[in-house]
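Here's the structure, in structure tokens; my notes come after.
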Amino acid sequence: MNYSVVIPAAGQGKRMQAGQNKQFIELEGKPVIIHTLAIFEADENCKEIIVVANQRETEQVKSLLVAHKLSKATKIVAGGSERQQSVYNGLKAVEESEIVLVHDGARPFVEEKHLNNLVNKAKTIGAATLAVPVKDTIKRVDADFVVETMERSSLWAIQTPQAFHLSLIKQAHKEAEIANFLGTDDASLVEQSGQAVAIVSGDYLNIKLTTPEDLVFAKAIMETKRREKP
């Protein structure tokens, strides 16, 4: 099924300590954001890519899109002060599809097969997110003391993309804006509105580049993928 995708890339990623927007950090000669966009450019089911950029970086992003011949990324939208506002700005620019994905610009390793599974689930349920079961023991802590050990079998680490019926996620954002509710992700806005969100099994390699250590993992993942190519 066809879909559009909104890629928020306006955050400065201070935890990366790179002195620049982490989207522009190069991996094997290409900025992170280009690796991410190329996945959707190659997927025939993706009909349009909306990039949400910091207003000061719009021209830089535009130059990268031209240089790397990303024809589906025809819209660059200015971001807001929070990721949630940036995504909402991007959603307002979607025109092509009933289903829209929201995907982190700094998550460049999602597999096309997982995109297809996610879109199909969202078509049926209305909202779905990629996720993987938590492998570590998780403890809830207060003032440096363990309060409880969580039941691991019911815990999942949430990833992106997250997929939605366009009308559903736009309404969830509108309601959150009115209520001054700031969610941790887009799925949490749908949850807040009382709608169901389905889980679709993802891949542990679909990491988000957040801290300097993640770049080490990213290079290892790229090397692994290169060896796996026929």
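Answer yes or no: is there a residue in region 145-157 that is surrounded by 14 or more Cβ atoms within 10 Å (Cβ to Cβ), touching a Leu at 6+ places or on another chain (Cβ under 7 Å) and within 22 Å of Arg107 (Cβ to Cβ).
Within region 145-157, not a single residue is surrounded by 14 or more Cβ atoms within 10 Å (Cβ to Cβ), touching a Leu at 6+ places or on another chain (Cβ under 7 Å) and within 22 Å of Arg107 (Cβ to Cβ).
Mind listing just one residue for me: the one in region 71-97 that is closer than 17 Å to Val61 by Cα and of a type in the set (Ser, Thr, Tyr) and, of those, nearest to the chain's Cα centre (by Cα)?
So the residue we want is Ser86.
So if I check each of Gly105, Gly79, which one is crowded, with 20+ Cβ neighbours inside 10 Å, farther than 15 Å from Phe40 by Cβ and touching a residue at least 12 places away in the same chain (Cβ under 8 Å)?
Only one candidate qualifies: Gly79.
How many residues does region 192-223 contain that are over 27 Å from Glu26 (Cα atoms) and either touching a strand residue (DSSP E or B) at 6+ places or on another chain (Cβ under 8 Å) or assigned to a loop (DSSP other than H, G, I, E, B) (or both)?
9
In region 46-67, is there at least one residue being of a type in the set (A, V, I, L, M) and exposed (fewer than 14 other Cβ atoms within 10 Å of the Cβ)? Full working, then the answer.
So the first thing to find is which residues in region 46-67 are of a type in the set (A, V, I, L, M), and the list is 49-53, 61, 64-67.
Still in the running and exposed (fewer than 14 other Cβ atoms within 10 Å of the Cβ): 66-67.
For region 46-67, residues of a type in the set (A, V, I, L, M) and exposed (fewer than 14 other Cβ atoms within 10 Å of the Cβ): present.
In this structure, does Thr184 turn out to be under 29 Å from Asn21 (Cβ atoms), in contact with a Leu (Cβ under 9 Å, 6 or more places away or on another chain) and surrounded by fewer than 12 Cβ atoms within 10 Å (Cβ to Cβ)?
Against the criterion (under 29 Å from Asn21 (Cβ atoms), in contact with a Leu (Cβ under 9 Å, 6 or more places away or on another chain) and surrounded by fewer than 12 Cβ atoms within 10 Å (Cβ to Cβ)), Thr184 does not qualify.
Quick one: count up the residues across region 68-120 that are touching a Phe, Trp or Tyr at 6+ places or on another chain (Cβ under 6 Å) and of a type outside the set (A, V, I, L, M).
1
For Gln60, work out the one condition from (1) within 21 Å of Ala10 (Cβ to Cβ); (2) in contact with a Phe, Trp or Tyr (Cβ under 8 Å, 6 or more places away or on another chain); (3) at pLDDT 95 or above; (4) part of a helix (DSSP H, G or I) it doesn't fulfil.
(3)
Take region 124-156 and flag every residue that is over 24 Å from Leu205 (Cα atoms), in contact with a strand residue (DSSP E or B) (Cβ under 9 Å, 6 or more places away or on another chain) and of a type in the set (D, E, K, R).
Listed by number, the residues that qualify are Arg140, Glu148.
Filter region 21-45 down to residues that are in contact (Cβ under 8 Å) with a residue 24 or more places away in the chain and among the small types (Gly, Ala, Ser) and give me whichever is surrounded by the fewest Cβ atoms within 10 Å (Cβ to Cβ).
Only one residue tops the list, namely Ala42.
Output the residue which, of all residues in region 177-195 that are small (Gly, Ala, Ser) and more than 19 Å from the chain's Cα centre (by Cα), is farthest from Ile39 (Cα to Cα).
Taking the candidates together, the pick is Ala179.
Yes or no: Ser4 in a helix (DSSP H, G or I) and farther than 24 Å from Glu213 by Cβ?
Answer is no for this residue.
Can you pull out the residues in region 169-191 that are touching a strand residue (DSSP E or B) at 6+ places or on another chain (Cβ under 6 Å) and of a type outside the set (D, E, K, R)?
Answer for region 169-191, where residues must be touching a strand residue (DSSP E or B) at 6+ places or on another chain (Cβ under 6 Å) and of a type outside the set (D, E, K, R): Ala187, Val190.
The values are calculated or read from the model by the stated rules, or taken from the named source; none is laboratory data. Model, not experiment: these values are computed from the prediction. Methodologically, a virtual Cβ is constructed for each residue, glycine included, from the backbone with ideal geometry; neighbour enumeration extends over all protein chains shown.
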